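What follows is a set of notes on a single structure, which appears directly below.
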Amino acid sequence: MPNGDLNAVVSSESVRVADVGSPSQPLYGFVAVLDALGAKAYSREEAEEFLKARDEIMRLLIDVAPDTFRVDKDDLKVFTFNDSIILTYVRKAKDLTTNDVNGFCGLLRSFEVSFLLKRILFRGAVSIGDLYRVDPNTNTVMGPAVSDAADWYERADWIGINLTPRASILIGAGLQEKPTALDHVLVDYQVPLKEQCLSEIRCLRVIRVEASTVLRSTAASGAAAIW
């Protein structure tokens, strides 16, 4: 990585490109684009409940990330845009480890079930790749990995979190010696797409919750499918 004195960018504070990335010096890691289903139709009271739940759950997940998921919370960033949440997890090298994947996917599984227990349903997609800017101070996150995740979360017509094909290939390439090492967090599933077809995509396994909670939440969202 380039020396810090060559990476200054103009802002209200001293920020290094090495810390936030740039198109010429991108960061690398995971990104999850997550969208709350049905949020556009929230009443004022429901919107208040959503915002309260979002802040509480995200604060808790970040606090427990190091001990529970072995995720370095200094490298974990959260961005919010209306009813959408984007999570990034920057790694120091492009050779991601099984622990990296297991940790980030484990955190996302807890994200999903924590909101589900609040009757808030999310659809999302996870990608891996270059990140041109990851700057919470300006709420800016962009790069090819973000675009990849956004494209695939838009295409899915279900309740759940899936990997993009690119992310699946990259993770699969790192599992050649132990192909089942992540089966406890990932599974292949026929995801319904908005193009009126199914696509077998690697997805996050959902932590089991009471069926009554799932059914009430699904009915409220009007979602076509749940896994």
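The values are calculated or read from the model by the stated rules, or taken from the named source; none is laboratory data. Please read all numbers here as calculations on a predicted model, not as lab measurements. Glycine also receives a Cβ, built like all others from the backbone with ideal geometry; neighbour counts cover every protein chain displayed.
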**OP:** For Ser127, indicate whether it is under 26 Å from Ala39 (Cβ atoms), surrounded by fewer than 22 Cβ atoms within 10 Å (Cβ to Cβ), among the small types (Gly, Ala, Ser) and in contact (Cβ under 8 Å) with a residue 12 or more places away in the chain.
**Re:** no
Subject >> region 155-171: number of residues that are of a type outside the set (Ser, Thr, Tyr), touching a residue at least 12 places away in the same chain (Cβ under 8 Å) and outside any strand (DSSP E or B) >> reply: 8
Original post:
Taking the condition modelled with pLDDT of 95 or more and either assigned to a helix (DSSP H, G or I) or crowded, with 19+ Cβ neighbours inside 10 Å (or both), does Val214 pass?
Top reply: no
Original post:
If we scan region 81-95, do we find a residue that is farther than 29 Å from Gln176 by Cβ, of a type in the set (Gly, Ala, Ser), surrounded by fewer than 23 Cβ atoms within 10 Å (Cβ to Cβ) and touching a residue at least 24 places away in the same chain (Cβ under 8 Å)?
Top reply: yes
Original post:
Counting only residues that are surrounded by fewer than 23 Cβ atoms within 10 Å (Cβ to Cβ) and touching a Gly at 6+ places or on another chain (Cβ under 6 Å), which one in region 132-152 is nearest to Ser24 (Cα to Cα)?
Top reply: Tyr132
Original post:
Do you know which residues across region 23-46 are of a type in the set (S, T, N, Q) and either surrounded by 14 or more Cβ atoms within 10 Å (Cβ to Cβ) or assigned to a helix (DSSP H, G or I) (or both)?
Top reply: Gln25
Original post:
Assuming Ala36 fulfils every condition listed in (1) small (Gly, Ala, Ser); (2) over 19 Å from Tyr153 (Cα atoms); (3) modelled with pLDDT of 95 or more apart from one, which condition is it?
Top reply: (2)
Original post:
Limited to region 194-204, what total is found for residues that are within 17 Å of Leu121 (Cα to Cα) and surrounded by fewer than 18 Cβ atoms within 10 Å (Cβ to Cβ)?
Top reply: 0
**OP:** Determine the pairs where a residue that is within 20 Å of Phe111 (Cβ to Cβ), located within region 38-50, has a partner that is part of a helix (DSSP H, G or I) with Cβ atoms under 6 Å apart, the partner being 6 or more residues away or on another chain.
**Re:** Gly38/Ser221
Original post:
If only one of Glu112, Glu49 is among the charged types (D, E, K, R) and either surrounded by 20 or more Cβ atoms within 10 Å (Cβ to Cβ) or part of a strand (DSSP E or B) (or both), which one is it?
Top reply: Glu112
**OP:** Could you check Glu195 against (1) closer than 15 Å to Thr98 by Cα; (2) modelled with pLDDT of 85 or more; (3) assigned to a loop (DSSP other than H, G, I, E, B) and say which number it fails?
**Re:** (1)
Original post:
If we keep just the residues of region 59-77 that are buried (at least 17 other Cβ atoms within 10 Å of the Cβ) and among the aliphatic types (A, V, I, L, M), which is farthest from Asp100 (Cα to Cα)?
Top reply: Leu61
